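This report concerns only the one structure given below.
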Amino acid sequence: MSTHAPDTPASYLVLHSQHTSVVLECRAHEAPLWRYWGPRLPDGCTPLAPLRDGRAIPPSSMEFDQPLSVTPTLGVGWYHQSALLAHRTGQQFAQQWTRCVLKHPSPNSLTIHLHDEVAQLQLDIGLHLSADDVLSLHSTLHNRGDNALGALDVQWLAAATLPLPGTAQQVHYSSGQWANEFWPHSDLLGPAQQPGGHGTALWVRENRRGRTSHDSFPAAVVTLPGATSDSGVVYGAHLAWSGNHRQCIEWLPDGQYQWQLGEWLAPGEVLLVAGESITTPTVYACCAVDGHNGLMQRMHRQVRQLQSWPGQRMRPRPVHLNTWEALYFDHTPEGVEALARAAAAVGVERFVLDDGWFHRRHSDRAALGDWWPDEGKYPHGLQPLAALVQSLGMELGLWVEPEMVSPDSALFRQHPDWALQLAGRPLLTMRNQLVLDMARPEVADYLFERLSELLRTLPIAYLKWDMNRDLTTAGNALGRAAYRGYVLAWYALVDRLRNAFPLVEIESCASGGARLDYAAVGRTHRVWTSDCNDAASRVRIQRGALQWLPPEILGCHIGPAPAHTTGRSQSLHYRAGVALSGHLGLELDVRHLPTAELEQLRAWVQRYKDWRHLLHGGTVWLGEAGDGVVWQAHGSADELLVLVYRTEQTTHRYTPALRLPMLDANAQYRIERLDPTPPEWTSSPLNDAALATETTALPQAHGGWLQAVGWPLPRMLAESALLYHLARI
Ligand code: GLA
């Protein structure tokens, strides 16, 4: 008999998707208990017995059991991370949900209304399991008390509390920094698996940079023993939020884990007065029974559902030229014009004018906020350039960084109070800039007007929307922490602009890849994956980003050699082969390339145009052949493009075979090599015949053989790429 919940019968809520199931144990007087989230159970399969009061209480424990619920709280005697940390001026610090009303609007959707009559709170949890195995969850907390009870100070509200099986072995996540995003890491979980060993019983990742951040992508993958790229059980979760965040995985004494994800809130940031509420971001989670690739593929499909395209359909992704690394701030009408002509000549379809075009923007030390063309550089405005770009058959894109203000700008001189700041403390700049308090209506209106003016008067098809600093001392005019309000205001501004200019595409850039979460990509059409265009780094960065984002939205540019961010050089062949897999662009000065290189570049741009229908929108598989060779395949089991990269010098005498597990074992495939033999392969006196002469002709092969044994790859130089086309015969 429980002391806290009347003895009421349990009902089980069972949700099935194609490959997974969710089972909750529900009662009218408490939050539903997690019974299962994992590989699909047979129809009609329900728990043996209720968990509530169904298991023996261990010695030295409270007299009532506390199994993991969808929202565990301190008030039920929960010792572990609570899904809610809140108080009313020190009172009501421990909540307990004592009334539960379930609404089940469709077989796979559920709303759980929970009430705490003592603390006078209501929590609504929305839960949906898609047919494609993605479980999405979010919560809304309402302050139902009157003002006499005091405002509710919310320190933490989990967007989701998920169960993970005790057999979970490792958590995989990424860290990073500017121009070096998506470093892969793995930690062992424990102590269930490693008694006294190396696992961590409480794994935590936090981000307090105010934007999604380079260094802590808001997602992780948890693997069960034996999981591989294509088999085994893999759990993943992502918090769709572009600001501060926290996630923790905690081992529980009943041999499972709880996984919570949510916003990290600054002190006093969320104070709910009577009648107010807070809604968390959405968590997109998935249990895949077909390994890392299975998880990635479902997440790609989820992102594609979140996105909305002008005209409701993604057009073939146009080849960009972005002017940043060709010009930096050195814009002259003649120079930009020459760059546009050279870009059009190699097949570029969208010319993106990056930083340096607006009033007094001659370096990164001034001008953010003053969004009109620089009178010296563009004496007749941007119209002449726009007309030229259009006459060359290209679209025009424009770089903006609306959320920022330079202390040295007309805007700041007029409105110094518009910047987020703390009274009496120094203004902390980063890249010489401050962040605008966009939650103030007059600031949002100013930005909307300035951007609207540009979009109304120029044929701009695309905005590269940048955001080049973290939020530090982000206090608003009331002296309160404004991180959360800032993110919501950014969403509102982008949504407002998209409504007003529905044909304009937007890229989410934040010093490269610092704002790539699902809330950002759901509002935009492309991300600038990284400021690093060094192909050797890009292979890793892009593969990390691909785990969560589909290839067609990953901006991947062919940069110069040596790369500006690393000083390293790779052949054009490698740089192009690596950039080809995403949304292709050029980030180099095509005005000054030798003719032979221009020819190669033109051929690569054409190759991308010929194959982008297969590169984008389909299924992606990532794999490793071994000995420093990695590959990725895009398309379907009927037709694939396979990109092979040798990232390291070989340590084997023979290159490993490439096995493709996704092929139909009973079909025949034609294999064709699409890339030309790179010039450095034929010109190197040390190369052996195999390296130089391996050409396009490969026999047709049996899918079963390619799955089990694979085909032999030619010898490859370090940092080289191959591109194959496979089609079912
Ligand atoms: C950021 C972006 C770059 C470029 C510069 C311009 O660093 O990531 O691509 O646009 O800003 O200042």
Taking every pair of distinct Cα atoms and averaging 1/r, then inverting, what Kirkwood hydrodynamic radius in Å comes out for the range 187-276?
15.1
Would you kindly give the portion of the calculated P(r) for the range 471-561 that falls above 19 Å, as a percent of all Cα pairs?
50
Within the set of other residues whose C-beta is less than 15 Å from the C-beta of Met296, count the net charge using Lys and Arg as +1 and Asp and Glu as -1.
-2
Quick one: net charge around Trp264, please, counting Lys, Arg +1 and Asp, Glu -1 for every other residue with C-beta under 11 Å from its C-beta.
+2
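Hey, got a sec? Which GluC sites (Glu not before Pro) in the range 19-65 land in a DSSP loop and have at most 11 other Cβ atoms within 10 Å? Don't skip to the answer; put the middle values down first.
Numbers: sites: Glu25, Glu30, Glu63; in loops: Glu63.
When the GluC sites (Glu not before Pro) of the range 19-65 are filtered for loop state and at most 11 Cβ neighbours within 10 Å, Glu63 remain.
Give the residue list of trypsin sites (Lys or Arg not before Pro) in the range 1-79 that are DSSP loop and have at most 12 other beta-carbon atoms within 10 angstrom.
Numbers: sites: Arg27, Arg35, Arg40, Arg52, Arg55; in loops: Arg40, Arg52, Arg55.
Sparse-neighbourhood loop trypsin sites (Lys or Arg not before Pro): Arg55.
Over the chain, what is the mean sequence separation of C-alpha contacts under 8 Å (at least six apart), divided by residue count, expressed as relative contact order in percent? Don't jump to the answer; show the numbers that get you there.
Working: 1716 pairs, mean separation 69.9, N = 729.
With pairs under 8 Å counted, the relative contact order is 10 percent.
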Using a 7 Å offset from the Cα along the Cα-to-Cβ direction at both Arg591 and Arg659, what is the distance between the two label points in nm, to one decimal?
5.3
Any trypsin sites (Lys or Arg not before Pro) in the range 449-506 that lie in a DSSP loop and have at most 16 other Cβ atoms within 10 Å would be Arg480
With +1 on each Lys and Arg Cβ and -1 on each Asp and Glu Cβ, how big is the dipole of the range 1-152 about its Cα centre, in debye rounded to the nearest 20?
80
At 7 Å along Cα-to-Cβ for each site, give me the label-to-label distance between Gln177 and Arg413 in nm.
3.7
Cα gyration tensor of the range 1-129, axes a ≥ b ≥ c as square roots of the eigenvalues: rounded (a/c below 1.5), prolate (a/b > b/c) or oblate?
oblate
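If you take the beta carbon distance between Arg315 and Ala201 as r and set R0 to 60 Å, what does 1/(1 + (r/R0)^6) give as a FRET efficiency, to the nearest 0.05?
Details: r = 49 Å, r/R0 = 0.82.
Result of the calculation: an efficiency of 0.75.
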If the chain between Ser636 and Ala500 were fully stretched, how many nm would it gain, using 0.36 nm times the residue separation less the Cα-Cα distance?
45.2 nm
With viscosity set to 1.567 mPa s and temperature to 4 °C, compute the Stokes-Einstein D of the range 589-648, Rh being the Kirkwood radius across alpha carbon pairs; µm²/s, no decimals.
96
In nm, what is the difference between 0.36 nm times the number of residues separating Ala131 and Ser61 and their Cα-Cα distance?
21.1 nm
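From the convex hull of the Cα coordinates of the range 1-72, what is the mean projected area in square nanometres?
Working: hull surface 21.4 nm².
That works out to 5.3 nm².
Let me have the relative contact order for the range 317-448, percent, based on Cα pairs under 8 Å that are six or more residues apart. Intermediate results must be reported in sequence, preceding the final value.
Values: 194 pairs, mean separation 29.9, N = 132.
Across the range 317-448, relative contact order equals 23 percent.
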Put in order of increasing Cβ neighbours within 10 Å, starting from the fewest, Ile57, Ile558 give Ile57, Ile558
Which log10 I(q)/I(0) values does the range 547-671 give at q = 0.09, 0.19, 0.22 Å⁻¹ under the Debye formula, counting every alpha carbon as one identical point scatterer?
-0.30, -1.18, -1.37
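Order these by the 10 Å Cβ neighbour count, fewest first: Glu552, Glu639, Glu206. List each step's numbers first, then the result.
Values: Glu552 23, Glu639 16, Glu206 13.
In order of increasing Cβ crowding within 10 Å: Glu206, Glu639, Glu552.
To the nearest 20 debye, what is the magnitude of the charge dipole of the range 172-309 about its Cα centre, counting +1 on the Cβ of each Lys and Arg and -1 on the Cβ of each Asp and Glu?
On the way: 8 positive and 11 negative charges, 64 e Å.
Charge dipole of the range 172-309: 300 debye, to the nearest 20.
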Relative to the compact globular guide of 2.2 N^0.38 Å, what is the alpha carbon radius of gyration of the chain, as a ratio?
1.02
When the helices in the chain are scored as -39500 (n - 2.57) per DSSP H run of 4 or longer and the sum is shared across all residues, what 222 nm value do you end up with, to the nearest 500 deg cm²/dmol?
-6000 deg cm²/dmol
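Using only alpha carbon positions, build the gyration tensor of the range 276-347, then give the equivalent ellipsoid semi-axes as the square roots of 5 times its eigenvalues, largest first, whole angstrom. Before the final figure, lay out the partial values.
Details: eigenvalues 323, 74, 40 Å².
Equivalent-ellipsoid dimensions as semi-axes: 40, 19, 14 Å.
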What whole number of Å gives the distance from the Cα centroid of the range 258-331 to the Cα centroid of the range 572-641?
24
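Normalising by the residue count of the range 211-344, find the relative contact order in percent from Cα pairs under 8 Å and 6+ residues apart. Please list the in-between numbers first.
Working: 147 pairs, mean separation 31.7, N = 134.
Once divided by the residue count of the range 211-344, the mean separation gives 24 percent.
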What distance in nm lies between label points placed 7 Å from Cα along the C-beta direction at Leu598 and Leu674?
2.6
Sum up the charges of everything whose Cβ sits under 9 Å from the Cβ of His16, counting Lys and Arg as +1 and Asp and Glu as -1, but leave His16 out.
0
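Which whole number of Å³ per residue matches the convex hull of the alpha-carbon atoms in the range 97-159? Write out the running numbers ahead of the final one.
Working: hull volume 4.9 nm³, N = 63.
Given the Cα convex hull of the range 97-159, per-residue volume reads 78 Å³.
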Size of the range 375-423 along its principal axes in angstrom, Cα-based, largest extent first?
51, 21, 11
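Run the numbers for Tyr79 and His113: contour at 0.36 nm per residue of separation, minus the present Cα-Cα distance, in nm.
Details: separation 34, 0.36 × 34 = 12.24 nm, distance 2.34 nm.
Between Tyr79 and His113, full extension yields an extra 9.9 nm.
None of the figures in this text is laboratory data; all of them are computed from the coordinates on show. Predicted model only: the values in this text are computed from it and were never measured. Ideal geometry is used to build each Cβ from the backbone, glycine not excepted, and the neighbour counts take in all protein chains shown.
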